[in-house]
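Asker: Below are the structure tokens for one structure; questions will follow.
The values are calculated or read from the model by the stated rules, or taken from the named source; none is laboratory data. Because the structure is a prediction, the values reported are computed rather than measured. Backbone-built Cβ (ideal geometry, glycine too); neighbour counts: all protein chains shown.
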Amino acid sequence: MLSEIEEEIRDWLYRAKLDEDSADKLLSGDHPIVETALFHCQQLSEKVLKAYLTYRGTQFGRTHDLVALVGLCESLDPSFSGLIPNASDLSQYAVRFRYPTDEPAPSSADAWLRLEWARQIKAFVLSRLPSTVQP
């Protein structure tokens, strides 16, 4: 039987997987929905980072700032510093296209790249979590 903390970590990871699958589906096919896919890339990254912080018993508050979350993770494990460049880029998509804007969306190819970055963050975090919480 899993502990309450392990259940919470699994829930974060489950929700991250939903975001990953959503981004993938939104970018697939003839009419990709790039703006919404980018939001899900950010959310995937945010949720796996929060899963790690939950595992380590670290409070993170209500934030969508991936750089701040990576900073908290880095204070526990310095190897997280390598995630900062991609986290910095992905962080903007928490709100960038969620409201009306004249700014054009990135290309579908750029969005696929961001999904790959989010998947790299996920893989990095999963490699630091115990097997009991792995999806």
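Asker: Please identify the pairs in which a residue from the range 42-62 that is surrounded by fewer than 23 Cβ atoms within 10 Å (Cβ to Cβ) has its Cβ atom under 6 Å from the Cβ atom of a residue that is assigned to a loop (DSSP other than H, G, I, E, B), counting only partners at least 6 apart or on another chain.
Answerer: L53/F60; Y55/L129
Asker: Count, please, the residues in the range 38-62 that happen to be more than 10 Å from A87 (Cβ to Cβ) and either part of a helix (DSSP H, G or I) or at pLDDT below 95 (or both). Quick ask: steps written out before the conclusion?
Answerer: Step one: filter the range 38-62 for residues more than 10 Å from A87 (Cβ to Cβ), giving 38-41, 43-44, 47-48, 50-62.
Adding the requirement that they be either part of a helix (DSSP H, G or I) or at pLDDT below 95 (or both) leaves 38-41, 43-44, 47-48, 50-55, 61-62.
Residues meeting the conditions: 16.
Asker: Output the number of residues of the range 102-135 satisfying the condition of being surrounded by fewer than 17 Cβ atoms within 10 Å (Cβ to Cβ), of a type in the set (A, V, I, L, M, F, W, C) and either in contact with a His (Cβ under 9 Å, 6 or more places away or on another chain) or closer than 18 Å to L26 by Cβ (or both).
Answerer: 2
Here is a yes/no grid of residues against (1) out of contact with any Asp or Glu (no Cβ under 7 Å at 6 or more places or on another chain); (2) basic (K, R):
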{"residue": "K17", "(1), (2)": "yes, yes"}
{"residue": "S22", "(1), (2)": "yes, no"}
{"residue": "H31", "(1), (2)": "yes, no"}
{"residue": "F39", "(1), (2)": "yes, no"}
{"residue": "Y55", "(1), (2)": "yes, no"}
{"residue": "H64", "(1), (2)": "no, no"}
{"residue": "V67", "(1), (2)": "yes, no"}
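Asker: Kindly provide the set of residues from the range 43-74 that are hydrophobic (A, V, I, L, M, F, W, C), closer than 23 Å to R96 by Cα and within 14 Å of the chain's Cα centre (by Cα), ordered by number.
Answerer: L44, V48, L49, L66, V67, A68, L69, V70
Asker: Something else about it: Residues of the range 108-133 being in contact (Cβ under 8 Å) with a residue 24 or more places away in the chain and not in a helix (DSSP H, G or I), which ones?
Answerer: Of everything in the range 108-133, those that are in contact (Cβ under 8 Å) with a residue 24 or more places away in the chain and not in a helix (DSSP H, G or I) turn out to be R128, L129, P130.
Asker: So, one more: State the number of residues belonging to the range 1-41 that are farther than 16 Å from W117 by Cα, free of Cβ contacts under 8 Å to residues at least 40 places away in the same chain and not aliphatic (A, V, I, L, M).
Answerer: Of the residues in the range 1-41, 10 are farther than 16 Å from W117 by Cα, free of Cβ contacts under 8 Å to residues at least 40 places away in the same chain and not aliphatic (A, V, I, L, M).
Asker: Across the range 72-107, which residue is farthest from E46 (Cα to Cα) among those that are in a loop (DSSP other than H, G, I, E, B) and of a type in the set (D, E)?
Answerer: Our first condition is that a residue be in a loop (DSSP other than H, G, I, E, B); within the range 72-107, this holds for 77, 95-107.
Within this subset, residues satisfying the condition of being of a type in the set (D, E) are 77, 102-103.
Numbers: D77: 17, D102: 26, E103: 24 Å.
Only one residue tops the list, namely D102.
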